[in-house]
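K.L.:
Take a look at this one; I'll ask things after.
The values are calculated or read from the model by the stated rules, or taken from the named source; none is laboratory data. Not measured: the values here are computed from a predicted model. No Cβ is skipped: glycine too gets one built from the backbone with ideal geometry, and neighbour counts run over all protein chains shown.
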Amino acid sequence: MARLWFSLAFTLALTLSAQGADPVKLWPGKAPGETKDIGAEKYLETKKGQLDVKRLANVSEPTITIYSPSKDKANGTAIIVTPGGGYNILAIEHEGSDVCEWLNKLGVTAVLLKYRVPKREAQTPDNLAMVQDAQRAISLVRSMQKELGIDPARVGMLGFSAGGHLTVCTALTKKRLYDKVDKVDEVFSHEPSFAVLVYPAYLTDKGGALKPEFEVKKDSPPMFFAHSSDDPVTSEGSVALYMALKKAGAPAELHLYATGGHGYGMKKVPHPCASWPDRAGDWMKSRGLLEKAKASSNPGNEKK
């Protein structure tokens with residue numbers, strides 16, 4: 001049954017990937033731990049004083065949507081995009097689909113992850129459902145390497161705010177946090193090859209120190225950070241994790257802007273922080289991630 005599900009889902013993904021319009025289920029059945037009905041998935045209306053953005057709520061069926069670049073630009077790198085939203089909703093457009101379209105212009109295969117929100121009750125860690133979805137998405141995308149023309153050693157993540165926290169959790173978690181459900185999980189690694197973090201949240205304690213659950217080592221994935229000093233979601237988190245990576249000898253690059261606040265995503269705000277996509281593109285280029293990938297010799301279990 002698992003093999004049949006994957007074959008059907010995979011065929012659907014390939015058929016629709018060029019448009020990036022229709023999602024593919026992450027799991028062959030219900031997602032792990034889903035026992036409670038949280039209500040129908042829906043978009044929330046923007047309240048007075050809020051940014052005018054699309055807010056997707058009540059996600060219980062996580063999916064991926066593949067955005068493929070034109071064949072002449074495709075370089076073999078893939079990035080899973082995780083929108084923010086405080087683990088309550090997903091800012092699915094300006095931190096999601098708009099990001100995927102930008103990545104396509106760089107020749108990157110973009111994958112929009114619609115992960116479960118809000119947080120489930122009585123889970124440890126409290127974002128367990130979200131990390132499970134991210135780990136599964138990485139393995140699933142790697143399993144599509146031949147058909148999508150991607151290098152399994154060049155599958156990264158890009159996250160905003162809570163999605164940035166999710167990206168860090170996924171990048172620094174060695175153990176798969178769910179029981180393997182099929183050969184995809186048996187064969188393909190769940191760890192991202194690199195990470196791009198835009199105003200990541202929840203990384204430090206009240207004293208500004210990096211939380212102890214974030215264990216950084218020399219072989220931790222390379223990371224890029226963009227944050228604004230006036231962000232109410234403190235930039236201390238990006239600084240603390242950057243310093244930990246630097247001390248461990250892991251590659252990292254930090255861009256700290258004076259102004260910009262929080263939640264701008266791909267919006268053209270009147271602050272220098274709006275240039276973060278250019279800086280992220282420069283960083284990816286410097287690491288060889290925008291060059292045409294050569295034939296990979298590993299099955300998807302190695303990071304680059």
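K.L.:
Take the residues in the range 161-201 that are among the β-branched types (Val, Ile, Thr) and over 21 Å from residue 254 (Cα atoms), then tell me which one is surrounded by the fewest Cβ atoms within 10 Å (Cβ to Cβ).
P.N.:
It comes out as 187.
K.L.:
Go through (1) modelled with pLDDT of 95 or more; (2) under 22 Å from residue 91 (Cβ atoms) and name the single condition residue 186 misses.
P.N.:
Checking residue 186 against (1) modelled with pLDDT of 95 or more; (2) under 22 Å from residue 91 (Cβ atoms), the one that fails is (2).
K.L.:
Among the residues of the range 107-118, is there at least one that is modelled with pLDDT of 95 or more, under 20 Å from residue 152 (Cα atoms) and part of a loop (DSSP other than H, G, I, E, B)?
P.N.:
yes
K.L.:
Out of the range 217-234, which residues are farther than 18 Å from residue 170 by Cα and either surrounded by fewer than 23 Cβ atoms within 10 Å (Cβ to Cβ) or in contact with a Lys or Arg (Cβ under 8 Å, 6 or more places away or on another chain) (or both)?
P.N.:
226, 229, 230, 232, 234
Here is a yes/no grid of residues against (1) over 18 Å from residue 25 (Cβ atoms); (2) touching a residue at least 60 places away in the same chain (Cβ under 8 Å); (3) crowded, with 24+ Cβ neighbours inside 10 Å; (4) not hydrophobic (A, V, I, L, M, F, W, C):
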position	(1), (2), (3), (4)
99	yes, yes, yes, no
103	yes, no, yes, no
106	yes, yes, no, no
118	yes, yes, no, yes
126	yes, no, no, yes
129	no, yes, yes, no
134	no, no, yes, no
147	no, yes, no, yes
159	yes, yes, yes, yes
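K.L.:
If you go through the range 144-161 one residue at a time, how many are modelled with pLDDT of 95 or more, assigned to a helix (DSSP H, G or I) and out of contact with any helix residue (DSSP H, G or I) (no Cβ under 8 Å at 6 or more places or on another chain)?
P.N.:
Result for the range 144-161: 2.
K.L.:
Now for a separate question. Looking at the range 163-177, which of its residues are farther than 10 Å from residue 214 by Cβ, in a loop (DSSP other than H, G, I, E, B) and not hydrophobic (A, V, I, L, M, F, W, C)?
P.N.:
174, 175, 176
K.L.:
In the range 56-72, how many residues are more than 20 Å from residue 131 (Cα to Cα) and under 22 Å from the mean Cα position of the chain (by Cα)?
P.N.:
Selection size over the range 56-72: 4.
K.L.:
So if I check each of 212, 221, 270, which one is assigned to a loop (DSSP other than H, G, I, E, B), over 21 Å from the mean Cα position of the chain (by Cα) and farther than 24 Å from residue 52 by Cβ?
P.N.:
212
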